[in-house]
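Taking it in order: structure first as structure tokens, then the write-up.
Coordinate-derived values only; no laboratory data. All of these numbers come straight from a predicted model, not from anything done at the bench. Please note: Cβ atoms are built from the backbone with ideal geometry, for glycine as well, and neighbour counts cover all protein chains shown.
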Amino acid sequence: MADHMTSLSQPIMDTLQQETFVVLNTIDSETGNITANAISWITAPSPEKLRIAIDRRSRLINNIQTNERVTVSLFAAGSFYSIQGRAKIIQEQMDEVAIKLACIEVEIDAVWDSMFYGSRITAPPEYERTYDQRAADKLDAQVFAALKKPSC
């Protein structure tokens, strides 16, 4: 691993201004094991913070309440990054969103380029919604608008 940064670079910020696939790692509150969850409702309001929307019924909520340490991993700028930080629930129910989501804010401690030596990502992962595309687009618009508000 190369030296780490303490905030997001502009290419990572740019990636996080649009819908993108990330992995959110938390410590399971019951087992103490590391958990990994795919997330797409994420944005970066500043180089020092991330905002994530999570279903209020998710185990992730209890994990974060029990242990604030998280890692967000993502593909950006031809590499793979690990963003380490401290998460907290800043809103238990996001306003103006059709489903019950909590807003999580992550204070970034370190950003690591975690790609193995001598390699580059040539195509980031892609995914597609497997339910009504129109409904998905409407919900995504609501969630991202709420995430970008100053108080979530």
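Quick notes
- Basic side chains Lys and Arg get +1 at the Cβ, acidic Asp and Glu get -1 at the Cβ, and with that the dipole of the range 10-147 about its Cα centre reaches some 160 debye.
- Anchor Lys49: lysines whose Cα lies under 18 Å away (excluding residues fewer than 8 positions away in-chain): Lys88, Lys148, Lys149
- Selection from Ile42, Pro150, Gln84 lying farthest towards where the dipole of the chain points positive, charges on Cβ: Pro150
- Two-site FRET efficiency, Ala123 against Ser7, from Cβ-Cβ distance with R₀ of 22 Å, rounded to 0.05: 0.25
- With N as its number of residues, the range 1-84 has a Cα radius of gyration that, divided by 2.2 N^0.38 Å, comes to 1.10.
- Springs join every pair of Cα atoms under 10 Å in this Gaussian network model of the chain, and among Ala136, Ala77, Ala53 the largest mean-square fluctuation is at Ala136.
- Estimated FRET transfer efficiency when R0 is 30 angstrom, pair Gln65-Phe116 (beta carbons, to 0.05): 0.30
- Helical mean residue ellipticity (222 nm; -39500 (n - 2.57) per DSSP H run of 4+; nearest 500) of the chain: -5500 deg cm²/dmol
- Listed candidates (1) 15.3; (2) 15.9; (3) 16.7 - label of the one calculated as Kirkwood radius over Cα pairs in Å: (2)
- Ordering Phe21, Phe80 by the number of other Cβ atoms within 10 Å of each residue's own Cβ, fewest first, gives Phe21, Phe80.
- Percentage relative contact order, the chain, counting C-alpha pairs under 8 Å, at least six apart: 26
- Cα-projected label distance for Asp28 with Ala136, points at 7 Å along beta-carbon direction, nm: 2.8
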